[in-house]
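All of the numbers you see were taken from the coordinates with simple rules; none came from a lab. Being a predicted model, the structure only gives us computed values, none of them experimental. Glycine also receives a Cβ, built like all others from the backbone with ideal geometry; neighbour counts cover every protein chain displayed.
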Amino acid sequence: MKLNLSRLRTASAIVLFAGVFATLALAHNKLLKSDPAPNAILKTAPKQIEMWFAEKPDLTVSKLAVKGPSGAVDMGPVRASAENAIVADVKGKLADGQYVVSWQTAGDDGHVSKGDFNFSVQSAK
């Protein structure tokens, strides 16, 4: 059996790059859960937005913004709330409608992760 060195090098390079890219993909901080939960329909407007991550969020780059039927929602500053979690208070009252929470943070590797999720307020009138 004759060994083809060129093919062996190519296969080794592919395996090496696949491993590197898989490691980098797993390295970014990941949102595990939130309150309110994604796609939640709430009967009472939340007084704060809280999010839990796979790693401790870096507060220096963490941001949280909420948009609703009337535009941007006034939010308090982002702060640590528990291990691997951040929270921001909602200033004022949220009207009925759909809201989009946009977030940004970083974890141990320093790479910024971003995402968003929706929730709705449908108070019983």
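By other beta-carbon atoms within 10 Å, ranking S120, S70 with the fewest at the front produces S70, S120.
When the Cα convex hull of the stretch 31-125 is projected onto planes of every orientation, the mean area is 5.6 nm². Subtracting the Cα-Cα distance of V100 and K56 from their residue separation scaled by 0.36 nm leaves 13.5 nm.
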